[in-house]
Amino acid sequence: MTHSSRRKTRIRSVLEMIKFEHSVFALPFALVGALLAAREGGSLPSWHQIFWIVIAMIGARSAAMTVNRIVDVEYDRRNPRTRNRALPSGEVSIGFAWGFTLVAAALLVVAAWQLNALTLKLAPVALAILGFYSYTKRFTSWSHFVLGFCLGISPAAAWIAIRGSLDLRMLILSAAVTLWVGGFDVLYACQDVDFDQSAGLYSIPRRLGIPKALQFARAVHILMVALLVWLAWSFHLPWPAWMGIAVVAALLAYEHSLVRPNDLSKMNAAFFTVNGYISLLFLLFWGAAAVVVRP
């Protein structure tokens, strides 16, 4: 195998390791933030702005997920569920992973530079927040919501990318995304309760037990829906936004129906498939509310 082929193989392995295709989770919420910002300005976002927002999101998430895997590599080696990932298996070296992280971080910075001055100034802050998350499971059970905040800042960042300033109403959407991600990460962490206990790691399921953790995640997602209602009302959004909230609520209810304290076998369907539909349909309905049905 040539050097070029080996490099391509390692890149594919890194992209698989960080679940690159799951960038779909946060990107639609960022695009909704951009569309709402443009709606307030009475125009559509330019293709230049949309392109660089997408690039910034890809760079930010890729850097954050790769750092997370680097920092957790020893835990991944010990966890039966994760020991076959690219880093613990030796398929990808730590050095290559750090190089990939630097390229992804640089992509975020370049994208921020292409958008506006405030976005560029805040890019290092975003990278610091994304990197900090990787350590939180070592000292707090609330790490799920630090992860949620990492994705939750995306709509506010997109608003800044369009307007060059921040409308405080976007903090409602940031809080909703934080709760959405934090809630489904609580569900996902139910798979690792025994390992977290043995490794000394913190999580809501380890702290509360799986049955109460599932109830907690359900309450968090109910609060998320309430925040979306508040946001739609505060922006005086038309009917597609309200229909979108109903769809999100229905999918969240379905997601929770898939996971039971004594049966976590459908966790991947709940975590990956349903949440992918939630983010994409949210963009569809709220994008229609912001762009198609305009004041």
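The values are calculated or read from the model by the stated rules, or taken from the named source; none is laboratory data. Since the model is a prediction, treat every value here as computed from it, not as a measurement. Note that we place each Cβ from the backbone using ideal geometry, even for glycine, and neighbour counts take in every protein chain shown.
Working only within the range 40-57, note down all residues that are part of a helix (DSSP H, G or I), modelled with pLDDT under 90 and of a type outside the set (Asp, Glu).
Result: GLY41, single match.
For VAL186, state whether it is among the aliphatic types (A, V, I, L, M) and within 17 Å of PHE29 (Cβ to Cβ).
So VAL186 fails the test.
For every residue, the table says whether it meets (1) among the hydroxyl-bearing types (Ser, Thr, Tyr); (2) under 19 Å from the mean Cα position of the chain (by Cα); (3) surrounded by 21 or more Cβ atoms within 10 Å (Cβ to Cβ).
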| position | (1), (2), (3) |
| --- | --- |
| ILE50 | no, yes, no |
| ALA60 | no, yes, yes |
| ASN79 | no, no, no |
| THR82 | yes, no, no |
| GLY90 | no, no, no |
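Could you identify the single residue in ILE70, ILE18 that is modelled with pLDDT under 90 and among the aliphatic types (A, V, I, L, M)?
On inspection, the qualifying residue turns out to be ILE18.
Of the residues in the range 167-205, how many are of a type in the set (S, T, N, Q) and under 19 Å from ARG218 (Cβ atoms)?
Here the count works out to 3.
From the list LEU208, LEU228, pick out the single residue that is among the aliphatic types (A, V, I, L, M), touching a residue at least 40 places away in the same chain (Cβ under 8 Å) and under 18 Å from GLY148 (Cβ atoms).
When all the criteria are applied, what remains is LEU228.
Taking ASN268 and the conditions (1) part of a helix (DSSP H, G or I); (2) surrounded by 15 or more Cβ atoms within 10 Å (Cβ to Cβ), which numbered condition does it fall short on, given that it satisfies the others?
Failed condition: (2).
Can you name every residue in the range 216-233 that is over 17 Å from LEU283 (Cα atoms) and among the β-branched types (Val, Ile, Thr)?
Within the range 216-233, VAL220, ILE222 meet the criteria.
Please go through (1) crowded, with 18+ Cβ neighbours inside 10 Å; (2) under 20 Å from SER174 (Cα atoms) for VAL259 and return the number of the only condition it doesn't satisfy.
It fails just one condition, (2).
Show the residue pairs that are 6+ apart or on different chains and have beta-carbon atoms under 6 Å apart, the first residue being within the range 246-267 and closer than 25 Å to LEU283 by Cα, the second being among the β-branched types (Val, Ile, Thr) and modelled with pLDDT of 85 or more.
VAL248/ILE278; ALA249/VAL225; LEU251/VAL274; LEU251/ILE278; GLU255/VAL274
Which residue out of ARG207, ARG218 is surrounded by fewer than 19 Cβ atoms within 10 Å (Cβ to Cβ), part of a helix (DSSP H, G or I) and touching a Ser or Thr at 6+ places or on another chain (Cβ under 8 Å)?
After ruling out the rest, the residue left standing is ARG207.
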